[in-house]
1. Can you figure out the FRET efficiency of D94 with D13, using R₀ = 30 Å and their beta-carbon distance, to the nearest 0.05?
2. Of A90, A140, L127, whose Cα points farthest to the positive end of the dipole of the stretch 74-202 (charges on the beta-carbon: +1 Lys, Arg; -1 Asp, Glu; origin at the Cα centre)?
3. Which percent of Cα-Cα pairs in the stretch 9-205 sits in each 10 Å bin, short to long?
4. Which distance in Å, rounded to a whole number, links the C-alpha centroids of the stretch 111-165 and the stretch 39-61?
5. Which whole-number percentage describes the relative contact order of the stretch 1-134, with Cα contacts under 8 Å and a sequence gap of 6 or more?
6. Give the residue from Q186, A10, V75 lying farthest towards the positive end of the charge dipole for the chain; charges sit on Cβ (+1 for Lys and Arg, -1 for Asp and Glu) and the dipole is referred to the Cα centre.
7. Under a plain spin-label model, where a point goes 7 Å from the Cα along Cα-to-Cβ, how far apart in nm are T146 and A33?
8. Quick one: dipole size for the chain, taken about the Cα centre, charges +1 on Lys/Arg Cβ and -1 on Asp/Glu Cβ, in debye to the nearest 20.
Amino acid sequence: MHDRCTPPQAWQDLFAGTRDAVRADGAEEPPAARTGRLIFPGSFDPLHEGHLLMARIAEEIAERPLEYELSITNVDKPALDYMEIRDRAAQFADRPLWLSRAARFLEKLETFPGSTFVMGADTYARLAAPRYYGGSEAAAEAAVRTIARDARGLIVFGRAADGAFVDASRLDVPAVLRDVTYFVSQAEFRLDISSTELRHRAALKEPAS
């Protein structure tokens, strides 16, 4: 039996490139309404308790409701298909989720202008990494200046990586980026597990075919 997915028209528009972001639940919102949001981008494979705790803490810090964002394209991973999006979107139930074509952070900033963004230490480190700007240090520096100027702020959490906990506040990033960042302390949040580890555990539980 083949699994089939009939996507909503909005999702089809997103894949066709005629729209840059849509609400996963089909609710219509004009692009102007995407300004000044609290956005939590991620792949959410899977959405886990750490993400939910990060969201709750970020809402307390920013004093406004949070919305998740899932890009159908990714600079480090293959693009998602309709069925993958359907399965990941199903995890959010009544939680607001945007689907977008914004693979890179500067694209997310254009899609959600003047917004505050929530992220883990690994994503934060990539904001200033030249490899994500064609290997150009000048392009990376320009991007960091744009982020610092146009984002309302960044809320950054430490996270587990390679068996250790990475404290985001200790990362070597440009001062202009640190100036617009709220570093969530380990006393406020610490979770020593990653989505990768959760996927590995789930795979071990799957029966052999």
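The numbers here are math on the coordinates, done by the rules we state, and not lab data. Owing to the predicted nature of the structure, the values given are computational and were not obtained by experimental measurement. Using ideal geometry, Cβ is built from the backbone for each residue, glycine included, and neighbour counts are taken over all protein chains shown.
1. Numbers: r = 23 Å, r/R0 = 0.78.
Efficiency, from the Cβ-Cβ distance: 0.80.
2. Working it through, the farthest residue towards the positive pole turns out to be A90.
3. Bins of 10 Å from zero give 8, 35, 39, 16, 1 percent of pairs.
4. 17
5. Working: 162 pairs, mean separation 45.4, N = 134.
For the stretch 1-134, the relative contact order is 34 percent.
6. Selected residue: V75.
7. Inter-label distance under the simple model: 2.7 nm.
8. Charge dipole of the chain: 140 debye, to the nearest 20.
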